[in-house]
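Taking it in order: structure first as structure tokens, then the write-up.
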Amino acid sequence: MLALLVLAGVGCLLGAFNQPGPPNPTIHTEIGDLIRVATTTALAIVLLFGPGILVRLYGPRIGLAYVPLPGMALLIAVAILAWVLAVASTSPRAVFFAFFVPVLALFAVALLTAGPEDIFDREEQRTLGFSPVTAEVAADLLMDQAELQKIAELLWERKQVKRPP
């Protein structure tokens, strides 16, 4: 998540200081557009999930399925505010930066000070993680999938194998 946060910060900086220009199909503009798409995607993910993680850290412990809701509500509220203030000739870019840069900064501080167990407990980490035991793996090894999953979890708990990211 920290890597996504760094990419989101780069996306904010690109949006502030390097505005897209006229469409000139050169290799430099194409690479710049790819970087802009990647950083904007990271920004969208961080703004969607970041406020929910902040709520989990500093407020009531909301369920895993509800983590995107605070971010979605914040995005909707800021978009409506930017739309309303645009009538008064306030730049929507200024409104977005005024709201989202402090949220990104608070999220960065929260991520750097919190441990992984503070954000998601072990069961939620398993839910969000990649399961190495699939039906195909079990069939290749001629084993029952549930039994193979049990063996993998025992090995992981005893730290005899590394769990995939």
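The values are calculated or read from the model by the stated rules, or taken from the named source; none is laboratory data. Because the structure is predicted, anything quoted here is derived from the model rather than measured. So basically every Cβ, Gly included, is an ideal-geometry build from the backbone, and we count neighbours across all protein chains shown.
For segment 84-99, a residue qualifies if it is touching a helix residue (DSSP H, G or I) at 6+ places or on another chain (Cβ under 9 Å), over 15 Å from G15 (Cβ atoms) and either modelled with pLDDT of 90 or more or not polar (S, T, N, Q) (or both), and the qualifying residues are L85, A86.
Restricting attention to segment 5-26, the residues being of a type outside the set (S, T, Y) and in a loop (DSSP other than H, G, I, E, B) number 8. The single condition from (1) without any contact (Cβ under 8 Å) to a residue 24 or more places away in the chain; (2) over 15 Å from I119 (Cβ atoms); (3) not hydrophobic (A, V, I, L, M, F, W, C) that P60 fails is (2). Can you tell me which residue among L81, L13 is out of contact with any helix residue (DSSP H, G or I) (no Cβ under 7 Å at 6 or more places or on another chain) and not polar (S, T, N, Q)? Answer to the selection: L13.
Report, by residue number, each residue of segment 78-129 that is of a type in the set (S, T, Y) and surrounded by 14 or more Cβ atoms within 10 Å (Cβ to Cβ). Steps first, please.
Narrowing segment 78-129 to residues of a type in the set (S, T, Y): 89-91, 113, 127.
Matches in segment 78-129: T90 only.
A105 passes every criterion in (1) out of contact with any Cys (no Cβ under 7 Å at 6 or more places or on another chain); (2) at pLDDT below 90 apart from (2). If the condition is being surrounded by fewer than 17 Cβ atoms within 10 Å (Cβ to Cβ) and closer than 16 Å to F107 by Cβ, then segment 14-44 contributes only A44.
Matching residues to (1) aliphatic (A, V, I, L, M); (2) touching a strand residue (DSSP E or B) at 6+ places or on another chain (Cβ under 8 Å); (3) modelled with pLDDT of 90 or more:
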site: Y66; (1), (2), (3): no, no, yes
site: L69; (1), (2), (3): yes, no, yes
site: V101; (1), (2), (3): yes, no, no
site: L111; (1), (2), (3): yes, no, no
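Here's the yes/no breakdown for (1) in the same structural domain as L7 (by TED's automatic domain parsing); (2) touching a residue at least 24 places away in the same chain (Cβ under 8 Å); (3) in contact with a Phe, Trp or Tyr (Cβ under 7 Å, 6 or more places away or on another chain):
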position	(1), (2), (3)
Y66	yes, no, no
L75	yes, yes, no
V78	yes, no, yes
A86	yes, no, no
A98	yes, no, no
V103	yes, yes, no
L106	yes, yes, no
E124	no, yes, no
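Only residues that are of a type in the set (S, T, Y) and closer than 22 Å to M1 by Cα: list them for segment 40-94, please.
Just the residues of segment 40-94 that are of a type in the set (S, T, Y), to begin with: 40-41, 58, 66, 89-91.
Within segment 40-94, T40, T41, Y58, Y66 qualify.
Of all residues in segment 27-39, none are within 18 Å of E117 (Cα to Cα), out of contact with any strand residue (DSSP E or B) (no Cβ under 9 Å at 6 or more places or on another chain) and in a helix (DSSP H, G or I). Cβ separations smaller than 8 Å between residues 6+ apart or across chains give no pair from segment 8-21 residues that are without any contact (Cβ under 8 Å) to a residue 24 or more places away in the chain and among the charged types (D, E, K, R) to residues that are surrounded by 11 or more Cβ atoms within 10 Å (Cβ to Cβ) and assigned to a helix (DSSP H, G or I). So for segment 72-81 (the condition being modelled with pLDDT under 90 and assigned to a helix (DSSP H, G or I)), does at least one residue qualify? No, segment 72-81 has no match at all.
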